[in-house]
Amino acid sequence: MKIITIGGATQDVFLQYEAPNSHCSLSAILETFQPGKKIEVADIVYATGGGATNTAAAFSLLDYSTQ
């Protein structure tokens, strides 16, 4: 059986950074990510995403042929 997925394919971008403290409240997050404020980024991770891409990957893990 061959499965064709139709829909979105996106690129997800994840920024990893060192939090100034281990406290992860909403106010701490809003303070860290203020408009125009710069933060030091430890790593950038790119991944595929989107409904069609995620569905095709899931079916592929179940040993279906996907496109």
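The values are calculated or read from the model by the stated rules, or taken from the named source; none is laboratory data. This one's a predicted model, so the numbers in the text were calculated from it and none came from an experiment. Using ideal geometry, Cβ is built from the backbone for each residue, glycine included, and neighbour counts are taken over all protein chains shown. These area figures cover heavy atoms from the full protein model, side chains too; ligands, DNA and RNA do not enter into them. Shrake-Rupley method; radii C 1.70, N 1.55, O 1.52, S 1.80 Å.
Test Ile6 against the stated conditions and say whether it is β-branched (Val, Ile, Thr), without any contact (Cβ under 8 Å) to a residue 12 or more places away in the chain and at negative phi.
No, not satisfied.
Taking region 1-54 on its own, how many of its residues are open to solvent by 100 Å² or more (accessible area, probe 1.4 Å), polar (S, T, N, Q) and more than 12 Å from the chain's Cα centre (by Cα)?
Adding up the residues that qualify gives 1.
Please specify each residue of region 41-64 satisfying the condition of being assigned to a loop (DSSP other than H, G, I, E, B) and under 21 Å from Asp12 (Cβ atoms).
Within region 41-64, Gly50 is the sole residue that qualifies.
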